[in-house]
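Novice: Below is the structure I would like to discuss, written out as structure tokens.
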Amino acid sequence: MKVLVTGGCGYIGSHTILELLKNDMEVIIVDSLINSKKDVIDKIKKITGKDVTFYEIDLCDKEKLRTIFEKEKFDSVIHFAGLKAVGESVEKPLMYYENNLISTINLLDLMKEYNVKKIVFSSSATVYGNPQSLPIKEDFPLSTTNPYGTTKLMIETILKDLYKSDNSFDITILRYFNPIGADKSGLLGEDPNGIPNNLMPYIVRVAVGKLPILNIFGDDYNTVDGTGVRDYIHVCDLADGHVLALKNKKTGLKIYNLGTGKGTSVLELVNTFEHVNNVKVNRQIAPRRDGDIDACYASNELAKQELGFNPKYTIEDMCRDSYNFVKNN
Ligand code: NAD
Ligand code: UFG
């Protein structure tokens, strides 16, 4: 199978490409490098010993994107490309709507024109807003609290409408919970520019001394120890979910949560990180962060049943691999 991977130089895309190559799939990458670096391509080649084709193109440029559809005959698309910083999306909503929506509409339009009908899309647990109960199932009500989340929900709606209009499309929407961790090689990982917003990139920077102290946003949530609970999933397990989605015999429009089904609090994650890596993470309790919810974790039963999804990495593995990547880089 020949797969077009948009956003393939990014964190989740690059790890997924390792799995695709391991499964003998051929990979074409399109990325504008707006949030990644070209050296990821060499690292992928070094880890796998296999080649990939890379095009530096912004998906918002439809005519440039068309050149790839003309040149490469691929069977399916995994669409990771998009901007993902929640805070930035509140400050620059138009940039988020333009980048995430125009790119997707261009991609889908060209897929229809060139008769490429299979797509896997990166959605997010953010589309569940503040869930009514836990664990979160795929049929829970959807709502969003920031422009980034709204782009994900809008793209889900676009995909559903597209499928209604043309049921020869084969669409899989994957709603990721909180990906952390890195490939064992230590070559690929999450490396955000500037001060990180997300918990694990912040923890590792404190551990290596690049940031002085971790602020734990709130210790009065209704959780096991008062700190926020999330469903952290190793990025390599998430990558595996994409290969399973491509191989899925079930066609049509499908939606799956990709999480472990287990909640971990901020304090539990920080303490595990210190323990497995034998390193100190300075921390202090800080006020709650606007928009955060008490707890969020997935029911992954549907992905288990229909995809054979079976996440195998523990929180300990995730902490070890995240630290290993940052120490190496
Ligand atoms: P990332 O920023 O590391 O990767 C996204 C890639 O897309 C980057 O390489 C970027 O350069 C590229 N890109 C962005 N806009 C583009 C455009 N218009 N044209 C071409 N390339 C473009 O992010 P990630 O963590 O790997 O996330 C991948 C996808 O998964 C995103 O759509 C994100 O919203 C979604 N997601 C991520 C998380 C998370 O916590 N990391 C959670 C849920 C969903
Ligand atoms: N947290 C801290 N200190 C920090 C950063 C985070 O205490 O410096 C806490 C948060 O309050 C929360 C938990 O750590 O309780 C996780 O926060 P993240 O920012 O790492 O992750 P979120 O669950 O808030 O959101 C992330 C992405 C969203 C995505 C969601 C589900 O940022 O875009 O996961 O996939 F929708």
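Novice: Those residues that are assigned to a helix (DSSP H, G or I), touching a helix residue (DSSP H, G or I) at 6+ places or on another chain (Cβ under 8 Å) and within 15 Å of ligand 2 (Cβ to nearest atom), I need them from segment 68-91; list them, please.
Specialist: Answer for segment 68-91, where residues must be assigned to a helix (DSSP H, G or I), touching a helix residue (DSSP H, G or I) at 6+ places or on another chain (Cβ under 8 Å) and within 15 Å of ligand 2 (Cβ to nearest atom): 86, 88, 89, 90.
Novice: Condition first: β-branched (Val, Ile, Thr) and within 16 Å of the chain's Cα centre (by Cα). Can you find one or more residues in segment 126-140 that meet it?
Specialist: Yes, segment 126-140 contains at least one residue that is β-branched (Val, Ile, Thr) and within 16 Å of the chain's Cα centre (by Cα).
Novice: Let me ask you something else. Test of understanding: among 65, 108, 59, 94, which residue is under 26 Å from residue 175 (Cα atoms), away from ligand 2 (no atom under 16 Å from the Cβ), free of Cβ contacts under 8 Å to residues at least 24 places away in the same chain and of a type in the set (A, V, I, L, M)?
Specialist: It is 94.
Novice: Collect the residues in segment 1-29 that are part of a helix (DSSP H, G or I), more than 12 Å from the chain's Cα centre (by Cα) and of a type in the set (Val, Ile, Thr), keeping them in residue-number order.
Specialist: 17
Novice: Before we move on, is residue 133 more than 16 Å from ligand 2 (Cβ to nearest atom), of a type in the set (Ser, Thr, Tyr), under 30 Å from residue 328 (Cα atoms) and surrounded by fewer than 18 Cβ atoms within 10 Å (Cβ to Cβ)?
Specialist: When the stated conditions are applied, residue 133 does not pass them.
Novice: If I go through segment 11-40 residue by residue, how many of them are within 16 Å of ligand 2 (Cβ to nearest atom) and open to solvent by 20 Å² or more (accessible area, probe 1.4 Å)?
Specialist: Number satisfying all stated conditions: 3.
Novice: Being touching a residue at least 60 places away in the same chain (Cβ under 8 Å) and in a loop (DSSP other than H, G, I, E, B) is the filter here; which residues of segment 194-219 pass it?
Specialist: Of everything in segment 194-219, those that are touching a residue at least 60 places away in the same chain (Cβ under 8 Å) and in a loop (DSSP other than H, G, I, E, B) turn out to be 197, 208, 212, 213, 218, 219.
Novice: Here's another thing I want to ask about it. Identify, from the list 222, 271, 277, the residue that is over 23 Å from the mean Cα position of the chain (by Cα), open to solvent by 20 Å² or more (accessible area, probe 1.4 Å) and more than 24 Å from residue 206 (Cα to Cα).
Specialist: Checking each option against the conditions leaves just 222.
Novice: Mind checking whether some residue in segment 177-193 is within 11 Å of ligand 1 (Cβ to nearest atom), polar (S, T, N, Q), under 30 Å from residue 320 (Cβ atoms) and part of a loop (DSSP other than H, G, I, E, B)?
Specialist: Yes, there is a match, as at least one residue in segment 177-193 is within 11 Å of ligand 1 (Cβ to nearest atom), polar (S, T, N, Q), under 30 Å from residue 320 (Cβ atoms) and part of a loop (DSSP other than H, G, I, E, B).
Novice: Further question: Here are some residues: 309, 217, 325. Which one is among the hydrophobic types (A, V, I, L, M, F, W, C), open to solvent by less than 10 Å² (accessible area, probe 1.4 Å) and modelled with pLDDT of 95 or more?
Specialist: Exactly one residue qualifies, and that residue is 309.
Novice: Please work out which residue is most open to solvent (accessible area, probe 1.4 Å), limiting yourself to segment 150-169 and to residues that are away from ligand 1 (no atom under 16 Å from the Cβ) and either touching a helix residue (DSSP H, G or I) at 6+ places or on another chain (Cβ under 9 Å) or of a type in the set (Lys, Arg) (or both).
Specialist: Top of the filtered list is 164.
The values are calculated or read from the model by the stated rules, or taken from the named source; none is laboratory data. Model, not experiment: these values are computed from the prediction. Virtual Cβ from ideal backbone geometry, glycine too; neighbours counted across all protein chains shown. What goes into the accessible areas is simple: the full protein's heavy atoms, side chains included, and nothing from ligands, DNA or RNA. Shrake-Rupley method; radii C 1.70, N 1.55, O 1.52, S 1.80 Å.
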